[in-house]
Structures are given as structure tokens and as C-alpha cells.
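Enquirer: Dumping the structure here so I can ask a few things about it.
The values are calculated or read from the model by the stated rules, or taken from the named source; none is laboratory data. Treat the numbers as computed from the prediction; the structure is a model and nothing was measured. Here the Cβ positions follow ideal geometry from the backbone for every residue, glycine too, while neighbour counts run over all protein chains shown.
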Amino acid sequence: MNNKVQQLKDSMEQRIVGKGQVIEHIITALLSGGHVLLEDVPGVGKTSLAKALADSLSISFSRIQCTPDTTPSDITGFSMYNSETKSFQVLSGPVVNNIVLADELNRTSPKTQSALLEVMEERRVTIDGKEIPVPEPFMVIGTQNPAEMAGTYPLPESQLDRFVVRLSVGYPDVQASEDMAKRFLEGSLHQDTSPVLTGKDILDMREDVAKVTIHVDLRSYAVAIVDATRNKAEISCGASPRALLAMLRYSQAIAYLNDRDYCIPEDIASAAQLTLPHRLILTSEARLSRVTKEDLIRKILEQVKVS
């Protein structure tokens, strides 16, 4: 693993116990230029994970605590009349930062959720006709509780499609829980984390990721996987062109983390399992049969082979 990536991972693991693989997935998403959705039950460390990443980087960070009464202007910003200059002044919101944590995103209304659509795709926010670019590197980390929990609004498909991956933090195992309890009682669990990388480091690594070679056969393999999601009986809406591009870039980032300047079939398959499931819409029959999106992707990977 790249030395800078290892530094970042080690820094995050000082605060997040027993979740090395999830941390790697988030770092991979960061280097691929994508956004991350963390979905799990309350109390497993979703917010702590996002803050551990932000605190390990010397870039700007903002947190938006989403509630039912959060308005779009609370996220994007607004224009205010200045009586001294007798003109309107545009005040940008918390979304104009390098890393934006949208905490409990599915507890705010669909109207407010949609305030993130433009900035997640176009890296800019429009306030009263004025376009404000966000700083680079830019990343949105959304957290949400499972849809069956009280007080949640399901995220629309257009927003889910803008997240490169949806991750579940999960409960720690017994050994990690023991370590967590020990560090908590010693007072070292929530210690401050010093930045180990700069924004330029991330941008430089993103450039290196974009240079990772994907052979034409692997490119065709990725296209075939995405096309298979559009022709499966259990899936009513398959992966979008945006999903294909995100999967390719995520594959490059996986190769980069493994110190390679080229992709192998396993990179494409791993990326497919992480970037595609949350983008699919199952038929009502498939949902009733308790077929999971992850199972369908695994079946597709068994059927589609590298030519």
C-alpha cells in the first residue's frame, strides 16, 4: 500500500477500532473522487468514521445535522440584503467545504435532500443565479439509518446514484469491542487526530489513480457487467452510465491502493460489488422473494467472464 495511504489509514484507525476494511473502502472512494453513503443502525460509529477522515486531512470540513426542519438554504446558503451597500450579498452554506458530512441524511425532507444533487455531480452550488464552485478535493459523506427505522425518508434514486459506494459499518467483533472498552476507560478512544495529509496530497494521488491503465478487454468486461444489470428479470432499473464510469474509476483506485499502475479482473469485480448494488431497483416480485441486490451482482459476476 502507498505510504501516504497507509499514513491516512493508520491515523483513522487510532479512532475507529476494528474497521480496517471499511476505512480502506472510504479512502478508495476519496481517491476515486466519489462520495460515500454510510448506512447502519445508530451508534456503530458512522459519524465518528467520517470525522476521523476529516481530522486526518488538513482541509476544510463541515457537518450538517439533518433534521425534519432543515431547509435547502441551510445546506447551500442564501442571499441576504445588505442595507449598507443596498445590494444582496450571497452567503455560501456549509456545503462549500472540502469534506461535507450530511449526518442522518434520510431524516430530512426530500426537498432538502435534493439540495445536494447539484453539488454532488457538478461540484458547484447555485444561489439566486450565482454559481459558487466548491473547493477541491471535494467529498460528501452521507450517513443514514435503515429505512425501516422511524422518522426516515428514503433517498431518491437520483441521489443514491451520486454516491460511488454505500457501506455498512457493522458491529465490531468481540476482540475489537474489548479494545474499544479498554481505550474508552483509559480516555484514549476519542483523542484528537492530527492531520497527516494535505489537500494537495489527495489531488496528486487522484491524478495518479486516473493514470492507472485499464485494458480494453477489462473495459469491455465492465461494460458487460453493467449491461447485465439492465437485462436481468429481477431488476426493473439497472445501473446507469454514471455507475459504469464510477465503477471504472473505483477499479483504478483499488489497483492504486495495491501498488499497481494497471487493473486486473479482480479489481473490476470488487468495484462492481461495491459500486453497483445500491443503484439497482428490484422488481416487486424480487423484493417479495427476499432477493438481495448484492446476491444479484454476485450472480452476474459468475455469468459474465472476461473475453
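Conditions (1) surrounded by 17 or more Cβ atoms within 10 Å (Cβ to Cβ); (2) part of a strand (DSSP E or B); (3) modelled with pLDDT under 90; (4) not charged (D, E, K, R), marked per residue:
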| site | (1), (2), (3), (4) |
| --- | --- |
| 7 | no, no, no, yes |
| 11 | yes, no, no, yes |
| 23 | yes, no, no, yes |
| 28 | yes, no, no, yes |
| 38 | yes, yes, no, yes |
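Enquirer: Looking at segment 100-116, which of its residues are surrounded by fewer than 24 Cβ atoms within 10 Å (Cβ to Cβ) and outside any helix (DSSP H, G or I)?
Expert: 103, 104, 109
Enquirer: Given (1) at pLDDT 90 or above; (2) part of a helix (DSSP H, G or I), where does residue 175 come up short, assuming only one miss?
Expert: (1)
Enquirer: Across segment 280-307, what is the total count of residues that are surrounded by 13 or more Cβ atoms within 10 Å (Cβ to Cβ), farther than 24 Å from residue 163 by Cβ and without any contact (Cβ under 8 Å) to a residue 24 or more places away in the chain?
Expert: Selection size over segment 280-307: 0.
Enquirer: Residues of segment 75-84 being free of Cβ contacts under 8 Å to residues at least 40 places away in the same chain and closer than 21 Å to residue 131 by Cα, which ones?
Expert: Passing the criteria: 80, 81, 82.
Enquirer: Now for a separate question. Hey, can you tell me all the residues within segment 234-274 that are in contact with a strand residue (DSSP E or B) (Cβ under 6 Å, 6 or more places away or on another chain) and under 17 Å from residue 210 (Cβ atoms)?
Expert: If the condition is that a residue be in contact with a strand residue (DSSP E or B) (Cβ under 6 Å, 6 or more places away or on another chain) and under 17 Å from residue 210 (Cβ atoms), then 262 is the only one that fits.
Enquirer: Return yes when residue 97 is closer than 21 Å to residue 55 by Cβ, polar (S, T, N, Q) and either in contact (Cβ under 8 Å) with a residue 12 or more places away in the chain or assigned by TED's automatic domain parsing to the domain that holds residue 62 (or both) and no when it is not.
Expert: So residue 97 fits the description; yes.
Enquirer: In the set 196, 174, 125, 90, which member is among the hydrophobic types (A, V, I, L, M, F, W, C) and within 30 Å of residue 2 (Cβ to Cβ)?
Expert: Checking each option against the conditions leaves just 196.
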